[in-house]
Amino acid sequence: MKTRSGYTYFDQQNKRWTARITFTDSRGKRRQLRRVADSEAGAGKILRKLLNDFETKGEKAIDAEKMTFSDLAAAYRAFKVKPAEYVGDRKTAGLRSFKSTGHRIDVLVAYFGKSRLRSITPGAVAQFKEDRLKVKTKGGKDRSITAVNRELETLRALLRYAKGEGWLDRSPFENVSTPVISKADETKRDRVLSRDEETKLLLACADGTPREHLRPLIVGALDTGARKGELLALTFNDVDLVSGVIRLRALTTKTLTERFVPISSRLADELRTLRQRFPDRDLVFGITLKFQHSWETACRLAGISDLRFHDLRASFCTRLISAGMPIEQVAKLSGHTQLSTLYAHYLSTTQETIEKAANLLNQMHATDREAREDVPIFIS
């Protein structure tokens, strides 16, 4: 049974009006909460809110008055930030990206940690974004808006969780005139691999080189559009060389949805070679450790700059669209659930596209010119 009482008084020592509520918690312990105000009327308003919160939400609302962001972060970590758990093909708990989420929470705790949860206003969130963009990365580079947006999205998730638990009435991300997370401000990559670059990159990973293990993986990324994690988790049981199809299992995809991708002739050759070389291996590409160093070396030897492995996926999408495949079909193959994402991130303007557009314009202008020349001119 909830019992509580409250009153206001003038604190002679601190010269401030104070609202005080006393209540018995669920464990039978007698507790009290004080809040200062600038006036007697202000203290009365605070008291009425505390009493109303206690009546409607219980002691959790009272605890929220003292809760810091560090308290919230600890609760969220225990509830959410842990390895993903599955029942069949469905994720039932945890996060697949729990490590990166944990790193972002570390950043947020370092900034907001001691702040009272209910003191985090839309202005405080905007200030965090401004301050964070001024902090250089470990490599001394400017921090990107994209990276800060991911941190803000994590902050939004924590505050949404706090609201769901009754610790907040409203998240500072709600009902703001200017959203603090703006995807439009993010720099969209439009890097795709040219045919000439592709030849050089594959030569840098030819048989007999220390990077030969990357060659089939590169061909796989270019000819299937699969994500790195999807390729690394691929097993020979997922490969059907007779039908020319690869099955990407739901547990390995970003969207947790099974999909199928084609096997090109050259990829089929690579897969047969791998099967012959490693008959007892389960994973197709056999790569279990990070290969960033080998990737950077291959790009350097090929004379290729500013190329990420994920850009091979963009190259796959761009090549198929440029060849005339409807974008809806490309989205099915690449596993994009939103066409807007495919348009924004992967439909890149290549040099070939630019030259094709210029040729079409030149043909149109030439046709117009010929039409004008055929029109008789009458001089009176």
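Bin width 10 Å, origin at 0, all Cα-Cα pairs of region 195-353: what percent of pairs per bin?
Over region 195-353, the share of Cα pairs per 10 Å bin runs 10, 40, 37, 12, 0 percent.
Once you put a point 7 Å from the Cα of S5 and another 7 Å from the Cα of D142, both along the Cβ direction, what distance in nm separates them?
6.2
Note the direction-averaged projected area, equal to a quarter of the hull surface, for the Cα convex hull of the chain, in nm².
For the chain, the mean projected area of the Cα convex hull comes to 34.6 nm².
Express in nm, to one decimal, how much length is gained between K134 and N362 on full extension, taking 0.36 nm for each residue of separation and deducting their alpha carbon distance.
Working: separation 228, 0.36 × 228 = 82.08 nm, distance 4.69 nm.
Here the segment from K134 to N362 would lengthen by 77.4 nm.
Over all directions, the average projected area of the alpha-carbon convex hull for region 155-266 comes to how many nm²?
That works out to 11.6 nm², a quarter of the Cα hull's surface.
What residue among P172, L267, V242 has its Cα farthest toward the positive end of the dipole of the chain, where the charges are +1 on Lys, Arg and -1 on Asp, Glu, each on the Cβ?
The one lying farthest along the dipole's positive direction is P172.
If we restrict to alpha carbons, what Rg and Dmax does region 4-57 come to, in Å?
Rg and Dmax of region 4-57, Cα atoms, are 11.6, 34 Å.
Taking the Cα atoms of region 70-185 alone, what are Rg (to one decimal) and Dmax (as a whole number) in Å?
My reading of the Cα-based Rg and Dmax gives 14.9, 44 Å.
Report the residues of region 137-166 in range of a label on A110: point 7 Å along Cα→C-beta, backbone N strictly under 11 Å from it.
It comes to 137-138, nothing else.
None of the figures in this text is laboratory data; all of them are computed from the coordinates on show. Everything quoted here is computed from the prediction, not taken from an experiment. Note that each Cβ is placed from the backbone with ideal geometry, even for glycine, and that neighbours are counted across all protein chains shown.
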